[in-house]
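These notes are about the structure you will find just below.
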Amino acid sequence: MYDIIIIGGGPAGLTAGLYGARARLNVIMLERLSPGGQILNTDLVENYPGFPDGISGFELVDRMRSQAENFDLVIQNEEVVELELSPEKKVVATNKKRMETRAIILTCGATQKKLGIEGETLLTGRGVSYCATCDGPFYRDQEVAVIGGGDTAVEESIFLTRFVSKVYLIHRRDKLRAIKLLQDRAMGEEKIELVWDTIPLKILGKDGVEEIELKNVKSGEVTHKQLKGVFVLIGTQANSDLVKGMVELDKDGFIITDNTMGTNIPGVFAAGDVRSKSLRQVSTAVGEGAAASFSAEKYLEGFQ
Ligand code: NAP
């Protein structure tokens, strides 16, 4: 019987683990792959306090992991396949075993949304990518498209200019969602061409991406662009399938919590990108991870 099982190893999970392990609780963190989450895809984190020159997502997570492990946090690479959650009993089944715990912290994060258009799935890994930081260097001196208009799409378009000859930043409206600072930077980049009011219809190619079919949503005009890469950066969706039907979710599938990070089930907490909220950042994730761990500890003190 564990005190706390943390599910998911991004910044929220690692912080919850750090606090739990430091409080000398019997806590483990389960992570399907290696700890890090989405931040591993971020080339440079510029807005996490304490790093005036920025820090790579990889290094930031590596430091968080070392810090938690210094307090003996146990991290296991196991995929959680099923949960049994009730006020009285909490069971976590992984691909390897079943475990009981008094409290659970859900830090399962979010994943990149898909466009759902022809060619996207077929050409994923062969020109269609969801991570510019991971795949950008493969497109040296080539033309690529970035789909989206939020902070991620704009930030990653700027990053791509280091390698590619041209970025078509394709947005479905005539105004970017990204913050002004990023908009100004993108507008000042010679290699970025903004394509407004446009959606992709098809991604075409045989062994790799060759062409994208686009539609102007105002004029209805359909055009084609020859290019080698399509980066789909249109936001994220919650990794909450495991708790669907048990834990209360908002209309988009994100977990609803109170301000102690508690869900509708006593002893079940959530933190980070999987939580219903307005701002998804490393800085918000770590604060919530700390709060969830603290709340779980308080819950355990009253646990019979
Ligand atoms: P986001 O803010 O949800 O933006 C998604 C963008 O994709 C929007 O411009 C949206 O268009 C567009 N989009 C959505 N579905 C689409 C579809 N089916 N077809 C075409 N376009 C579509 O997502 P995000 O940029 O990944 O950012 C997520 C969160 O992380 C935000 O809170 C953001 O501030 C944060 N973030 C922060 C930083 C930073 O501070 N350095 C960096 C990256 C991300 P509409 O605008 O028309 O809805």
Could you pull out the residue among Leu123, Leu115 that is out of contact with any Asp or Glu (no Cβ under 7 Å at 6 or more places or on another chain) and over 23 Å from Val217 (Cα atoms)? Leu123
Residue in the stretch 246-257 that is farthest from the ligand (Cβ to nearest atom), counting only those that are part of a loop (DSSP other than H, G, I, E, B) and under 18 Å from Ala292 (Cβ atoms): Met246
For the stretch 128-144, which positions are assigned to a helix (DSSP H, G or I), in contact with a strand residue (DSSP E or B) (Cβ under 9 Å, 6 or more places away or on another chain) and buried (at least 19 other Cβ atoms within 10 Å of the Cβ)? Ala132, Asp135, Gly136, Tyr139
Can you say whether Gly205 is away from the ligand (no atom under 14 Å from the Cβ), in contact (Cβ under 8 Å) with a residue 40 or more places away in the chain and in contact with a Leu (Cβ under 6 Å, 6 or more places away or on another chain), as far as the supplied structure shows? yes
Among (1) over 20 Å from the mean Cα position of the chain (by Cα); (2) on the phi > 0 side of the Ramachandran plot; (3) at pLDDT below 95, which single condition is Lys89 missing? (2)
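Each row is one residue, and each column tells you yes or no for (1) within 27 Å of Glu155 (Cβ to Cβ); (2) without any contact (Cβ under 8 Å) to a residue 60 or more places away in the chain.
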position: Leu14; (1), (2): yes, no
position: Ala21; (1), (2): no, yes
position: Leu30; (1), (2): no, no
position: Thr42; (1), (2): yes, no
position: Val45; (1), (2): yes, no
position: Pro52; (1), (2): yes, yes
position: Phe58; (1), (2): yes, yes
Tally the residues that are touching a strand residue (DSSP E or B) at 6+ places or on another chain (Cβ under 9 Å), open to solvent by 40 Å² or more (accessible area, probe 1.4 Å) and not acidic (Asp, Glu), restricting the search to the stretch 60-75. 3
Residues of the stretch 151-173 classified as part of a helix (DSSP H, G or I) and away from the ligand (no atom under 13 Å from the Cβ), total: 1
Only residues in the stretch 171-186 that are at negative phi and touching a residue at least 12 places away in the same chain (Cβ under 8 Å) count as the first member; pair them with residues that are open to solvent by 90 Å² or more (accessible area, probe 1.4 Å) and near the ligand (Cβ under 7 Å from one of its atoms), Cβ under 9 angstrom, at least 6 apart or cross-chain, and list the lot. His171/Arg177
Can Glu211 be described as touching a Gly at 6+ places or on another chain (Cβ under 8 Å) and without any contact (Cβ under 8 Å) to a residue 24 or more places away in the chain? yes
Any idea which of (1) surrounded by 15 or more Cβ atoms within 10 Å (Cβ to Cβ); (2) touching a residue at least 60 places away in the same chain (Cβ under 8 Å); (3) in contact with a strand residue (DSSP E or B) (Cβ under 7 Å, 6 or more places away or on another chain); (4) not aliphatic (A, V, I, L, M) is the one Gly37 doesn't satisfy? (3)
Can you name the residue in the stretch 258-274 that is buried (at least 17 other Cβ atoms within 10 Å of the Cβ) and more than 24 Å from Phe58 (Cβ to Cβ) and is also farthest from the ligand (Cβ to nearest atom) among such residues? Gly267
So Glu118 fits all but one of (1) touching a strand residue (DSSP E or B) at 6+ places or on another chain (Cβ under 6 Å); (2) more than 15 Å from the ligand (Cβ to nearest atom); (3) touching a residue at least 60 places away in the same chain (Cβ under 8 Å); (4) open to solvent by 50 Å² or more (accessible area, probe 1.4 Å); what number is the exception? (2)
Selection status of Ala145, within 16 Å of the ligand (Cβ to nearest atom), modelled with pLDDT of 95 or more and closer than 30 Å to Arg173 by Cα: yes
Restricting to the stretch 222-245, name every residue that is assigned to a strand (DSSP E or B) and either within 16 Å of the ligand (Cβ to nearest atom) or open to solvent by 50 Å² or more (accessible area, probe 1.4 Å) (or both). Val222, Thr223, His224, Lys225, Gln226, Val230, Phe231, Val232, Thr236, Gln237, Ala238
Do you know which of the residues in the stretch 8-66 that are in a helix (DSSP H, G or I) and charged (D, E, K, R) is farthest from Thr101 (Cα to Cα)? Glu59
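The values are calculated or read from the model by the stated rules, or taken from the named source; none is laboratory data. Predicted, not measured: the structure shown is a model, and the values here were computed from it. With ideal geometry, Cβ positions are generated from the backbone for all residues, glycine too; neighbour counts draw on all protein chains shown. Only protein heavy atoms, including side chains, enter the accessible area calculation; ligands, DNA and RNA are left aside. Shrake-Rupley method; radii C 1.70, N 1.55, O 1.52, S 1.80 Å.
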